[in-house]
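Here's the structure we're looking at; comments come further down.
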Amino acid sequence: MEKETVKETVSKNFIEQIIEKDLAEGKYEEICTRFPPEPNGYLHIGHAKSILLNYGLAKKYKGKFNLRFDDTNPTKEKTEFVDSIKADVKWLGADWEDRLYFASDYFDQMYEAAVKLIKKGKAFVCDLSPEEIREYRGTLTEPGKESPYRNRSVEENLELFEKMRNGEFPDGSHVLRAKIDMASPNINMRDPIIYRVAHMTHHNTGDKWCIYPMYDFAHPIEDAIEGVTHSICTLEFEDHRPLYDWVVKELEYPHPPKQIEFAKLYLTNVVTGKRYIKKLVEDGTVDGWDDPRLVSIAALRRRGFTPESIQKFVELCGVSKANSSVDYAMLEYCIREDLKMKAPRMMAVLDPVKLVIDNYPEGEIEYLEVPNNMENPELGVRQVPFGRELYIEREDFMEEPVKKYRRLYPGNEVRLMNAYFVTCTGCEKDENGNITAIHCTYDPASKGGNSPDGRKVKGTIHWVCASAAVKAQCRLYENIVDEEKGVYNKEDGSLNVNPNSLTVVEAYVEPELGKTEAYDRYQFVRNGFFCGDCHDTKPGAPVFNRIVSLKSSFKLPEK
């Protein structure tokens, strides 16, 4: 009997199915995707999904990926945002090679496209005010009303449009509208505005133009010019697709791009709205668009997230047509999984109290060999200084221990991690009853953390040698919003800001951590994963952001 051949079934998302069908039918010889941000703010975690999806599809099907800035609105755009977006896309690993484009590169072609529509009788200059245009548009249940200027002659429209371009009209006085159908059930098709007058200096073209195309008109033209085959966007553009298709059809592009919509990525209890982040920045609640409490890509990078963790997160979220929310804990799960084998495990004491080993020789320092990561021997070992006086976490000692407490208390023996067994003999206090020092004795025969007589201890605590310790600032983060109250205040729409979103502590860390540079990542034993802050870390004076704590209740759903 012949062996049965078992073929692995690989599940493809709906976009991959569309692309494969188009390639099989010969609609396109090579696919081209793009990421088209508007440079009016910093990118956030939701944009990461779009970047990685578009780049991943181009890579999978051996096509091209473009980065293009949709800079058609000079009122909100800045070169600062262009630079930050380029840095984010590059950091995520999406390579646009030599294909960096700006919508403003095509302003001449867009103008000619508008002239073509006028000559075809498909566009007209309208003198209605913005309020009148809104009034004429109709509602979801009632058709719109045609503009009294809709039936101007081609010649008159061409003349007026040229006057618009020449700056002869003030802002808001004239617009160019597509002539489609004021009775369409889709409001986007009711003679939409495709050009408006705006006497503004543009970050890329300066003062060359005083008219600017609307996004819905510009976007399909940009895609068509660049040879984009699959214009992948989020679900809110689904109702705009008929207009997208109308533009490419009326302008007679030979290989029209295809718009496909997918669900946005929503994270629970986070702030992604640009106006809210802008207010947090302006109020000084956060120290900039890359404050580690935010979920802008720049903030996640500064906090210590890795590109690989974001890629894993996007992969787990999947691609669908239905909007849904994802728990922030899943993002934390992805960074833990990525770092647990990569990050050296170091000792840092965040709430220090001194531990004195009374029977250890005064002035003596010895060096203990410590593995950098017990689960990954390839990370090697390091030498850690050990002496008579150490720092330990304040919570690792209780004068009157609660039930099942296994750390230091008078008479109890514990293991100092990678060092010796010590037995607590007592403590010192100040006039207010605060503990200032803890005393103990050590067993010299237990070096390495094992007793030759086989006795067991139930508690292990980490430590830092006092004489060699480096002072460090550690920043501990909670959610920027108060999760119990929800992100937004129901009465006025403001943010429910968590007043405890940042706690700064002065810590002692082992000397190796004094060499920390920006973005160096470590696991601090029992305290979490930390990263050298890219703005404030200096040689010998490290500043650490806690990326994530060590434990989480999040579990991947079973397949």
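For the residue pairs 122/264; 49/122; 21/59; 90/274; 342/456; 122/274, the C-alpha atoms sit more than 28 angstrom apart in 122/264; 49/122; 342/456; 122/274.
Just to confirm the filter: which trypsin sites (Lys or Arg not before Pro) across region 452-501 are DSSP coil and have at most 11 other Cβ within 10 angstrom of their Cβ? Display every interim value, and only then the final one.
Numbers: sites: 455, 456, 458, 471, 475, 485, 490; in loops: 455, 456, 458, 485, 490.
Listed in order of number, the matching sites are 455, 456, 490.
Taking other C-beta atoms within 10 angstrom as a stand-in for reagent exposure, 457, 548, 349, 319 fall in the order 457, 319, 548, 349, fewest first. Residues in region 104-118 carry Karplus couplings, in order, of 5, 5, 10, 4, 4, 5, 5, 4, 4, 5, 5, 4, 4, 5, 4 Hz; the curve used is 6.51 cos²θ - 1.76 cosθ + 1.60 with θ = phi - 60°, and Gly or Pro positions show x.
Write down the percent of antiparallel bridges among all DSSP beta bridges whose residues are both part of region 348-462, to the nearest 5.
75
Once you divide the Cα radius of gyration of region 107-212 by 2.2 N^0.38 Å, the number left is 1.07. Each of 230, 199 has some number of other Cβ atoms within 10 Å of its Cβ, and from fewest to most they run 199, 230. For residue 230, the residues whose modelled amide H falls within less than 5 Å of its own, excluding neighbours fewer than 5 places apart on the same chain, are 32, 258. Computed from these coordinates, which is mean projected area of the Cα convex hull in nm²: (i) 37.8; (ii) 23.5; (iii) 32.4? Computed from the coordinates, mean projected area of the Cα convex hull in nm² corresponds to (i). Sites listed here are GluC sites (Glu not before Pro) in region 167-267 whose DSSP assignment is loop and whose Cβ has at most 12 other Cβ atoms within 10 Å: 252. Each part reduced to its alpha carbon centroid, region 132-206 and region 418-445 end up 79 Å apart. Taking amide H as placed 1.01 Å from N in the peptide plane, residue 421 has its amide H under 5 Å from the amide H of 416, 443, 446, 449, each at least 5 places away in sequence or on another chain.
Less than 5 angstrom separates the built amide H of residue 351 from those of 394, all sequence-distant by 5 or more or on a different chain.
Computed over the alpha-carbon pairs of region 479-559, the distance histogram in 5 Å steps reads 3, 12, 17, 16, 14, 13, 12, 8, 4, 1, 0 percent, short to long. Of the two radii for region 1-156, the radius of gyration is 1.13 times the Kirkwood radius, both from the alpha carbons; that is the Rg over Rh value. Considering only beta bridges that DSSP places wholly inside the chain, some 70 percent are antiparallel. With each label modelled as a point 7 angstrom along the Cα→C-beta vector, the residue 173-residue 365 pair spans 7.8 nm.
Qualifying chymotrypsin sites (Phe, Trp or Tyr not before Pro) in region 436-479, where qualification requires a DSSP coil assignment and no more than 16 other C-beta atoms within 10 Å, are lacking entirely.
Read-outs: derived from the displayed coordinates by stated rules, not from any lab. As the structure is a prediction and not an experimental result, all values here were calculated from the model. Note that each Cβ is placed from the backbone with ideal geometry, even for glycine, and that neighbours are counted across all protein chains shown.
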